[in-house]
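The values are calculated or read from the model by the stated rules, or taken from the named source; none is laboratory data. Please read all numbers here as calculations on a predicted model, not as lab measurements. Don't worry about glycine lacking a Cβ; one is built from the backbone with ideal geometry, like all the others, and counts go over all protein chains shown.
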Amino acid sequence: MDLNLTPAELAFREELRAWLKANAPADWEKHRTEDEMQKEVYEAGWAGIAWPAAYGGRGATLMEQVIFTEEMARAGAPPLANVLGLMLIGPTIIAFGTDAQKKRFLPNILSADEIWCQGFSEPNAGSDLANVRTESKLDGDHYSINGQKVWTSYGWAADWCALLTRSDPNSTKHKGLTYILVDMKSPGVEVRPLRQMTGESEFCELFFHDVRVPAENVLGQVGDGWNVAMGTLMHERATLGAAVQIAMKRQFDRLVELSHTIPRNGHTAAEDPVLRQKLAQSYVEIEVMRLNQMRAITRINQKGVPGPEGSIQKIFWTELNQRFQQIAAELLGPYVQLTKGSPAAIDDGIWAYSFLRARGNTIEAGTSEIQRNIVGHFVLGLPKSY
Ligand SMILES: Cc1cc2nc3c(=O)[nH]c(=O)nc-3n(C[C@H](O)[C@H](O)[C@H](O)COP(=O)(O)OP(=O)(O)OC[C@H]3O[C@@H](n4cnc5c(N)ncnc54)[C@H](O)[C@@H]3O)c2cc1C
């Protein structure tokens, strides 16, 4: 594994940094919405970095995609509005879509003119995703969709949904599933936002009542939905860590800064012997996380597909983030509970938000237990878990 960037990667980073410097005021997350952010990035030619140029991307390497994600996080830019379209669903359409589907959907994903959500999980199909029950039944040249999805991030904002359905009612498990692209404005689609403990409604329940979807919207082969869905999940775990690592490092640096001003036992928190140990340990772990990310990227570059490193990284950063938020809470004291808008809140309540939001990290994109099962089986050769 080579930890140094190549001359081409360094040049790419310099070009991006120059663009960010010219276009990004220091506090731009306060002034731009996620939607505006993506349009700006798109117009400057930075959307879909690793997508092939033929589909409107930049044809850059995966490492350059990681550099882009890192630099955006370093600049404190808001996330892009169509993050699921760009990171997960677009690449799945590139891999499995017909020419007509690529032409129809990819440009609007890049420009954020159409926002996407991922409709996989159901009340009885989370970790055990192969238990999907939402039904798709062929009726002439349309499918009729009935069923329920849950925890659908951005469901409230989405124009389209990548939906995993059961097209063969007699099938079980991984067989008989079909991946279908559903217009969220179709009659019979009902979206109910779910309120999270952070106070926001990032995800939703989706209900489908006799929703008619053209048969041409099936992505990949009918009955081969499991294979297509795995393509989506593979992208989900591959590069997510890059932005998180930089975002955590920024938060860590801020916590160290605050530790010099927060009083503790007649001194500052920075002088507290126990907190110093914990801050130093967090620093070490954030560095380990960076190296794990490089290892995962090296593996993809060498073998073409993500390996179990994606699971190691997912377990590591999500559990580290929870430990880190706990340390921040200890250091900041009761003020950490004050949320956005409270006059006495530190950093406008971001610490309360981060503490609460970190709980979902070990659940979304596959729970820690599921990631450990993957490591146990594929890395350690233990028997498969059922
Ligand atoms: C913030 C957030 C955003 C999300 N966004 C989306 C989205 O956009 N689209 C989408 O489709 N889904 C989304 N999800 C859903 C997510 O993928 C599921 O919550 C996750 O896969 C777990 O499924 P579950 O909630 O049904 O829990 P369950 O699968 O019921 O698990 C319950 C508990 O049992 C454990 N468990 C289950 N099976 C095993 C096993 N074999 N071995 C050991 N332990 C096991 C789990 O680890 C967990 O602790 C999101 C979730 C969160 C928290």
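Brief remarks follow.
- Lone qualifier among Thr61, Thr6 - being without any contact (Cβ under 8 Å) to a residue 60 or more places away in the chain and among the β-branched types (Val, Ile, Thr): Thr6
- Taken together, Ile93, Ile89 contain a single residue that is touching a residue at least 60 places away in the same chain (Cβ under 8 Å) and either within 15 Å of the ligand (Cβ to nearest atom) or under 17 Å from the mean Cα position of the chain (by Cα) (or both), which is Ile89.
- For segment 268-277, the set of residues classified as among the charged types (D, E, K, R) and buried (at least 17 other Cβ atoms within 10 Å of the Cβ) consists of Asp272 only.
- Residue in segment 148-156 that is at positive phi and out of contact with any His (no Cβ under 9 Å at 6 or more places or on another chain) present: yes
For (1) surrounded by fewer than 17 Cβ atoms within 10 Å (Cβ to Cβ); (2) modelled with pLDDT under 95; (3) small (Gly, Ala, Ser); (4) under 20 Å from the mean Cα position of the chain (by Cα), each residue gets a yes or a no:
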{"site": "Ser201", "(1), (2), (3), (4)": "yes, yes, yes, yes"}
{"site": "His209", "(1), (2), (3), (4)": "yes, no, no, no"}
{"site": "Ala229", "(1), (2), (3), (4)": "no, no, yes, yes"}
{"site": "His235", "(1), (2), (3), (4)": "no, yes, no, yes"}
{"site": "Thr239", "(1), (2), (3), (4)": "no, yes, no, yes"}
{"site": "Lys249", "(1), (2), (3), (4)": "no, yes, no, yes"}
{"site": "Thr261", "(1), (2), (3), (4)": "yes, no, no, no"}
{"site": "Gly266", "(1), (2), (3), (4)": "yes, no, yes, no"}
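- Checked against (1) among the β-branched types (Val, Ile, Thr); (2) assigned to a strand (DSSP E or B); (3) away from the ligand (no atom under 15 Å from the Cβ), Val191 passes all but condition (3).
- Glu71 being closer than 20 Å to Thr178 by Cβ, charged (D, E, K, R) and within 19 Å of the chain's Cα centre (by Cα): no
- Residues that are of a type outside the set (Ser, Thr, Tyr) and under 18 Å from Tyr154 (Cα atoms) within segment 117-137 comprise Cys117, Gln118, Gly119, Phe120, Glu122, Pro123, Gly126, listed in sequence order.
- Options Leu331, Leu382: the member that is farther than 20 Å from Ser153 by Cα and touching a Gly at 6+ places or on another chain (Cβ under 6 Å): Leu382
- Residue check for Ala130: aliphatic (A, V, I, L, M), within 15 Å of the ligand (Cβ to nearest atom) and either part of a helix (DSSP H, G or I) or free of Cβ contacts under 8 Å to residues at least 12 places away in the same chain (or both): yes
- Residue ID - nearest to the ligand (Cβ to nearest atom), chosen from residues in segment 104-127 that are within 22 Å of Glu216 (Cβ to Cβ) and of a type in the set (S, T, N, Q): Gln118
- Counted residues, segment 331-386 - those being under 30 Å from Ala130 (Cα atoms) and either within 10 Å of the ligand (Cβ to nearest atom) or surrounded by fewer than 16 Cβ atoms within 10 Å (Cβ to Cβ) (or both): 27
- Hits in segment 135-158 - residues which are buried (at least 16 other Cβ atoms within 10 Å of the Cβ), part of a loop (DSSP other than H, G, I, E, B) and away from the ligand (no atom under 11 Å from the Cβ): Trp156, Ala157
- If you go through segment 330-339 and keep only what is free of Cβ contacts under 8 Å to residues at least 24 places away in the same chain and either farther than 23 Å from Asn265 by Cα or not hydrophobic (A, V, I, L, M, F, W, C) (or both), you end up with Pro334, Tyr335, Gln337.
- Cβ pairs under 7 Å, 6+ apart, first in segment 96-115 and crowded, with 18+ Cβ neighbours inside 10 Å, second of a type in the set (S, T, N, Q) and not in a helix (DSSP H, G or I): Ile109/Asn82; Ala112/Asn82; Ile115/Asn82
- Conditions (1) in contact with a helix residue (DSSP H, G or I) (Cβ under 6 Å, 6 or more places away or on another chain); (2) at pLDDT 95 or above; (3) closer than 30 Å to Ile350 by Cα; number of the one not met by Gly220: (3)
- Restricting segment 303-330 to residues that are small (Gly, Ala, Ser) and modelled with pLDDT of 95 or more, the residue that is surrounded by the most Cβ atoms within 10 Å (Cβ to Cβ): Ala328
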